[in-house]
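Everything on this sheet refers to the single structure shown next.
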Amino acid sequence: MESVWVENTEIRKREPLPGDMKVPVAVIGAGLTGILTAYYLKQAGIRAVVLESDRIGSGQTKNTTAKITSQHQLVYDRMIRMFGRGMAGHYAAANEAAIGEYERLILEKGIDCDFVRCPACLYSRTGTEQLEREARAAESLGIKASFGTECELPFPVAGVTRFEGQARFHPLKFLAKMAEEVEVYEQTRVLRAEDKRVETDRGCVTAEHIVFAAHFPFVNVPGYYFARMYQERSYVVALKGAETPEGMYLGIDRDGLSFRSCGNLLLLGGGHHRTGRKKENGEGRYEALSGKAGEIYPGCHEVFRWSAQDCMTLDGLPYIGRFSGKKPEWYVATGFGKWGMTTAMAGARILTALIGGQDCPEADIFSPRRHFTAQAAKELAVHGACTMKGLAKHLLPSGKEKIIPNCPHMGCRLEWNPDEESYDCPCHGSRFDMEGHLIDGPAQTDCRRRDL
Ligand code: FES
C-alpha cells in the first residue's frame, strides 16, 4: 500500500558506497532531514556524504501528509508553561522560518512540487478553551494565529484555531530535486558507528562528524533514545469525490481527524496508536477510517491508502542536536512526532550551524539534553511500563499462537498486525514483514521466527 506521493515520482538511482572513504561529515539516512542537512553543509563549504540503506526517500518521508506548518497540535501554550516564553519563541521562530525556507528554495531552484501557501487549523467538536488558549499563546510568540468558529469542514465544530501562511507540497518531488545537489550512496547499510568510524556493508566511512538522521537512532548506548522515545502508527486514505478544503485541518479531540487536499483528492488521516498495540475491537484500522470517510463524504471513493510511523518523545518536542555528552562528534535529529516537514528543515539548519561552529539560538529548545519536565517524567513511567510488559511477555507461553518472533532490538515479544500483515514491536516500534524482514528500526536486523 504505497502513498499518493510514490505513485508519480521517480527519484534517480545512486550507486552504493564504492569502498572506504574519509570525509568531514557522514549523514546516516536519505530522507528529508538527511538530504537537507547535507545540502546546507555543502552550502557552508563542508563536504557531507549521505548513506542510505535502501533508496532516497524510502523511509518515512514518503508516508507523510506533507503539511508544512509551525502548528504542531496544541504545543505553544504548553511549551510556554514548561520552558518559558523565550524558549517557546525560538521553537515558533525556527518553524516559521522553515516554511519560508521551503518557499525560498522552491522558488530559487524552480522546483515543481505543488507548493501552496494555505492556513492550518486545529478544530474541536466538543470545546473551545484549549483552542482559544493555543491561539493566544501562538500569537504572543509572533505567529499569525486566531480563534474563530468558521470552518470549511462538512460537520459542525465548536471552534477553530487558525494559523495563517502555512503550506503544503509534494514531498518526494521536492526531495528528488534537492537530492540532485547532494552526494548520496544508496543500498549502503550502516552496521556500526564507533567514534569517527561508520561501518557499512560496502566499506567504512571515517568522518569528523556523524549525523544520525535515519528516523530512530539504532545506537542504544550512549544516548538511550530507546528509553525516551516510542513510535506511533497512523493511517491515511486518499479520497476522490470528497470536497477539498483550501485549509489544512487537524482535530484535537480523541477521535480527531486530519484533512488536507492534494489536487482533486482529499487526504484523510486518523486512527493513531502506539506501534505494536493490539486493537481493542475486531474492526480493521483502515476499515474504520474508510467508514468515517463514507459517513462524512457519502459517495466518495478511496484511491490510495497508506500508513505512517512517527517517533514520539517524552515531552512532545523533537531531539535535535548533539547525540550525547559522551560523543561530541555525533549529532542526531529524531522524535519529530507527526511534524516531519518543518522539523526536518529546522533540524537541518540547526545541525549545520552546530557542525559549522555557528551560534544558533534555536538549538536549546530542540536539544536532546534540554531539561527534564514533569510531563516527561510521567511519560517515562508509561513508556517504561509498556516496555517492561513487552519484555516480560516473551518469557511467557503464547497460548494458541504457533509461531511468534521476538524483536532483535532488545528482545520484546512482537505483536501480529493484521491490518498491515507485519510483526510490530510494542517496546520501541520496530516492524518486520511476514517473513521477518526488517521494515522499521531501531532494530537493525531481520528477526528470526521461532516455534514455541
Ligand atoms: Fe526495541 Fe523491539 S524495538 S525491543
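Every read-out reported here was derived from the displayed coordinates using simple, explicitly stated rules and does not represent laboratory data. Owing to the predicted nature of the structure, the values given are computational and were not obtained by experimental measurement. Methodologically, a virtual Cβ is constructed for each residue, glycine included, from the backbone with ideal geometry; neighbour enumeration extends over all protein chains shown.
Quick notes on this structure:
- Local electrostatic count, L268, Cβ distance below 15 Å [Lys/Arg +1, Asp/Glu -1]: +2
- Cα pair count fraction exceeding 39 Å, expressed as % - the chain: 17 percent
- Fraction of antiparallel bridges per DSSP, the chain only, in percent to nearest 5: 75 percent
- Unpartnered cysteines - no second Cys beta carbon under 4.7 Å - across the chain: C113, C118, C121, C151, C204, C262, C300, C311, C360, C386, C447
- Taking 25 °C and 0.890 mPa s as conditions, the stretch 1-111 diffuses translationally at an estimated 146 µm²/s according to Stokes-Einstein applied to its Kirkwood radius (Cα pairs).
- Ratio Rg/Rh [Cα only; Rh per Kirkwood] for the stretch 172-211: 1.07
- Approximate shape of the stretch 300-378 as ellipsoid semi-axes (Cα gyration tensor, √5λ), whole Å, largest first: 28, 17, 11
- Kyte-Doolittle mean at least -1.0 and Cα axial length at least 30 Å: DSSP H helices in the chain: 85-109
- In order along the stretch 112-119, the phi-based Karplus estimate (6.51 cos²θ - 1.76 cosθ + 1.60, θ = phi - 60°) of 3J(HN,Hα) comes to 8, 9, 6, 5, 9, 6, 7, x Hz; Gly and Pro are listed as x.
- Considering the stretch 175-290, its Cα convex hull presents a mean projected area of 11.6 nm².
- Computed over every Cα-Cα pair of the stretch 34-96 and binned at 10 Å starting from 0, the pair-distance distribution P(r) comes out as 18, 29, 33, 20, 1 percent.
- Fraction in percent of alpha-carbon pairs per bin - 5 Å, the stretch 243-304: 4, 15, 26, 26, 17, 8, 4, 0
- The stretch 122-206 - convex hull of alpha carbons, volume per residue in Å³: 235 Å³
- 17 Å Cα-Cα reach of K278 towards lysines, excluding residues that sit fewer than 8 places from it in its own chain: K389, K393, K400
- In units of the compact-protein estimate 2.2 N^0.38 Å, the stretch 189-236 shows a Cα radius of gyration of 1.39.
- Here the peptides 76-83, 296-303 are ranked by packing, the mean other Cβ count within 10 Å, and the order with the highest first is 76-83, 296-303.
- Computed over the chain, the per-residue total of -39500 (n - 2.57) for DSSP H runs of n ≥ 4 gives a 222 nm mean residue ellipticity of -8500 deg cm²/dmol, rounded to 500.
- With a threshold of 24 Å on the Cα-Cα distance, the over-threshold entries among K177/K327; K292/K338; K173/K279; K62/K326 are K177/K327; K173/K279; K62/K326.
- Global geometry of the stretch 95-168, whether rounded, prolate or oblate, following the gyration tensor of its Cα atoms and the 1.5 cut on a/c: oblate
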